[in-house]
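Asks: My questions will all concern the structure given below.
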Amino acid sequence: MKYEWISENCFNCATCPTPCDGVSKEVYLFANDSAFSEHFENELITYINSNHDYKARKSPSHEFPDVEVSDKLSGEISFYIEVKVQRRTFMSVEKILPQSGLIPSETIALNLSDLLRYFKLAEKNKLKTYVLWVLLNRPCILGEADKRFFYSDTENLQKIYENEKDKRRFRRKSGEGDVVDGEHKGVVVNYHFSLNELKEWKGF
């Protein structure tokens with residue numbers, strides 16, 4: 001399903017007055033990115049706990065998505081939310097993945113291994129899992145805002161994955177910052193989606 005709020009004419013990189021530089025940073029600060037994502041996880045948890053009939057907490061196991069949300073009255077787990085912060089634009093998507101049909105302004109990414117794990121968890125636990133992308137540093141989409149939020153449940157993402165197969169899969173080279181204490185923690189294999197395939201959330 002597509003949510004037609006994006007106009008390709010508005011967000012055509014070829015006519016953008018403030019284009020992204022399209023240069024790979026080649027430095028991927030895993031610890032920095034992780035801490036940045038955790039900041040938004042904590043904001044989301046606080047928001048849910050103060051405004052809804054649900055209780056949220058950091059998931060007790062890395063096996064599960066970032067945030068566990070339970071019914072306040074029954075205490076039963078209602079659903080999970082994975083939080084992904086996107087600070088870099090995949091400017092070469094049309095060149096590297098021409099078969100994807102994606103353009104840079106609309107493209108967002110998710111670790112492929114996480115995506116497949118969420119599919120299995122949803123099937124096993126019969127619980128909804130949502131992926132929430134926090135979009136930053138993309139003027140064509142943000143406008144005057146400093147951030148915007150987009151989400152989808154894994155059921156929708158799985159349909160897209162099964163339809164597109166490997167057309168949206170990309171492995172990048174390892175770079176500085178991927179290895180932490182001798183362990184490779186940086187994400188190198190991503191799967192890509194379009195913002196047109198997600199819903200927007202007003203956020204906190």
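The values are calculated or read from the model by the stated rules, or taken from the named source; none is laboratory data. Computed from a prediction, not measured in an experiment: that's the story for all the values here. Note: ideal-geometry Cβ built from the backbone for every residue, glycine included; neighbour counts use all protein chains shown. For accessibility, only protein heavy atoms count, side chains too; no ligands or nucleic acids. Shrake-Rupley method; radii C 1.70, N 1.55, O 1.52, S 1.80 Å.
Asks: Sequence-distant or interchain residues sharing an amide H contact under 5 Å with Val85, placed H: which?
Replies: Result for Val85 returns Val134.
Asks: What accessible area, in Å² to the nearest ten, does a 1.4 Å probe give for Ser78?
Replies: Its accessible surface works out to 40 Å², give or take rounding.
Asks: So, taking all protein chains as they sit and a 1.4 Å probe, how much accessible area belongs to Lys58, in Å² rounded to tens?
Replies: Rounded to the nearest 10, the figure is 90 Å².
Asks: What are the lysines whose alpha-carbon lies under 25 Å from the alpha-carbon of Lys167, with same-chain residues fewer than 8 places away excluded?
Replies: Lys2, Lys25, Lys84, Lys95, Lys120, Lys159, Lys185, Lys199
Asks: Pop out the carbon and sulfur fraction of the accessible area of the stretch 61-110 as a percent, whole number, probe 1.4 Å.
Replies: That share works out to 50 percent.
Asks: How far apart, in nm, are two points set 7 Å out from the Cα along the Cα-to-Cβ line at Lys147 and at Leu116?
Replies: A separation of 3.0 nm, rounded to one decimal place.
Asks: Highest mean first, how do 122-128, 112-118 rank when packing is the count of other Cβ atoms within 10 Å averaged over residues?
Replies: Top to bottom by mean Cβ count within 10 Å: 112-118, 122-128.
Asks: If you don't mind, another one. From the mean inverse distance of alpha carbon pairs (Kirkwood) and the Cα radius of gyration, derive Rg over Rh for the stretch 56-152.
Replies: A ratio of 1.05.
Asks: So with the 1.4 Å probe, I'd like the accessible area per residue for the stretch 59-153, rounded to whole Å².
Replies: 47
Asks: Rounded to the nearest 0.05, what FRET efficiency do Glu200 and Ser74 give with R0 = 45 Å and r taken as the Cβ-Cβ distance? Could you check?
Replies: 0.90
Asks: Work out the charge dipole of the stretch 62-156 with +1 on the Cβ of Lys and Arg and -1 on the Cβ of Asp and Glu about the Cα centre, then indicate which of Asn125, Leu112, Val69 is farthest towards its positive end.
Replies: Leu112
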